[in-house]
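Notes follow the structure.
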Amino acid sequence: MRWPGKKHSNDIDGKTLMTMKIATWNVNSIKVRLPHVLDWLDGHRPAVLCLQELKCEAGNFPLEAVTAAGYHALIAGQKAYNGVALLSLQPGSDPVIGIPGFEDPQQRVIAATYGEVRVISVYCPNGESLTSEKYGYKLRWFAAFRNYLEATLMRYPLLVVAGTTTLHLRIGMFTTPWPGRERCYAATPSVRRLPHC
């Protein structure tokens, strides 16, 4: 499979490296943002565009317009909330929707392989308040997602994870005092104990 990109003289294990433009965009409703997405695709021509927060079911995704723009689409849609997709110049192989082994009606993860590169489009949960059930869901979700990434890396050493995250990974927020820190869910002990990727 050939990908648009620039070849580099550097190599890994005797393989010539090639750049691949991969982008991500939280569209916050593909129906509302479709003209902007199509315009951006036309101007930038990424090999893969990861979309999050589609806010439409797969059957209502504007597939015809995306196909007319020269792109293939893999879609994990959900009415009104969430939803992720992968748009690509070449068809993706070995698609997976969701986190294998983690039952979840929310459409937050989609993956496929493009050439030798595995691409995951992800829309991570935010968890709301510490007393919310959504917070417990978030902790379970991130634990399952971490296991999924570890297993994926064993099979696909060239992995790109792109999307919308709401977890601050190993930044000063955890150690630097700032006003309101005790009310921030990302600064709580249960989040700090997560084995960050």
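Data overview
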| item | result |
| --- | --- |
| For the stretch 88-132: accessible area per residue (Å², 1.4 Å) | 43 |
| For Cys56, distant residues with modelled amide H under 5 Å away | Gln78, Ala80 |
| Farthest toward positive dipole pole in the stretch 26-178 [+1 Lys/Arg, -1 Asp/Glu at C-beta], among His72, Tyr135, Cys124 | Tyr135 |
| With every protein chain in place, the stretch 35-164: carbon and sulfur % of accessible area (1.4 Å) | 54 |
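The values are calculated or read from the model by the stated rules, or taken from the named source; none is laboratory data. Quantities reported herein were computed from a predicted structural model and do not represent experimental measurements. When we count neighbours, we look across all protein chains shown, and the Cβ atoms used for this are built from the backbone with ideal geometry, even at glycine. Keep in mind that these areas ignore ligands, DNA and RNA; they rest on the heavy atoms of the full protein, side chains included. Shrake-Rupley method; radii C 1.70, N 1.55, O 1.52, S 1.80 Å.
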